[in-house]
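Presented below is the structure to which this report refers.
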Amino acid sequence: MDTFDRKEHWEKIYSTKKLNEVSWYQPSPETSLNLISELNIPKSANIIDIGGGDSFLVDNLLELGYSNITLLDISRKAIERAKNRLGEKCKHVKWIEADASDFDPTETYDLWHDRAAFHFLTDETEINNYLKSATKGVKESGHLIIGTFSTEGPKKCSGIEIKQYSEKSLLDRFKEAFKKIECKIIEHTTPFNSIQNFIFCSFKKIR
C-alpha cells in the first residue's frame, strides 16, 4: 500500500484547480472576519493563518489595516497563487511553506487562525503535534480561531478523509491551554451550490 503524500496531494490540487473550482472558495471570509473583529485586537497584532492557501482572508486583513500577518500552507503552489494575486502587497506578508501537523513556531502570535486545516489531521500523533504547536505559538492571553467540518458536515474533502467535530469535541481538544469565547455553526455554500456545515470556535489562551 502506497504511503499518502499530503504535500504532493495539495500541490496537485493547487496546480490543477482554479481559484473558484475548490469547495472552500469564499470571496469574502465573513465568519473569520467577524470573529476577528469581535476580538478587538490591535491592527499591529501578530496574526498567523494556518493552511491559508490562496484564500482571501489575507487580502481582507491587509485592506483593514492589519500589518503583521503570516500565512502558512503546505503547498508552494498555493502560496505562489496568493502572492501573484496580491502583487506588491505580498511583501507585507510573511510566508511559511510547512505542514501544519509538524509546524514548530519560532515566534509567538496574538492570533492563530485556522479555517479548514485542522480537520484534515486524523492521526492522533499529528493532532497532538498541532495542539502543542498552537499552545507554543499563541502568546499568553492570545487568541485562537478554529473552523472545522461539524458532525453534520462532509466526511471527506478533496478526496481525503477528514475528522468531524462537535462543539464539545473541539473544546475538549483545546481545553488544556485555551478557554472558549464562543462557538457557532456556519453553513458554507460551495461554488457547486452544495452546503458544507462548519463549526467555528474562538478561544483565549489561559496557560
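Nothing in this text is a laboratory measurement; each read-out follows from the coordinates by a stated rule. If you're wondering where the values come from, they're calculated on a predicted model, not measured in any experiment.
Springs between Cα atoms under 10 Å define the GNM used for the chain, and in it the highest mean-square fluctuation of Lys180, Lys156, Lys17 occurs at Lys17. Taking N as the residue count of the range 105-204, its C-alpha radius of gyration divided by 2.2 N^0.38 Å amounts to 1.07.
Annotation: amide H of Asn46 within the under-5 Å range of Asp110, Leu111, sequence separation 5 or more or interchain, hydrogens built in the peptide plane. From the phi angles alone, apply the Karplus equation (6.51, -1.76, 1.60; θ = phi - 60°) to the range 20-35 and give each ³J(HN,Hα) in whole Hz, x where the residue is Gly or Pro. Values per residue, Gly and Pro as x: 9, 10, 10, 5, 8, 4, 8, x, 10, x, 4, 4, 4, 5, 5, 5 Hz. Working note: 222 nm ellipticity from helices only, DSSP H runs with n ≥ 4, each -39,500 (n - 2.57), summed and divided by the residues of the chain, gives -8500 deg cm²/dmol to the nearest 500.
DSSP assigns beta bridges within the chain; of those with both partners inside it, close to 50 percent run antiparallel.
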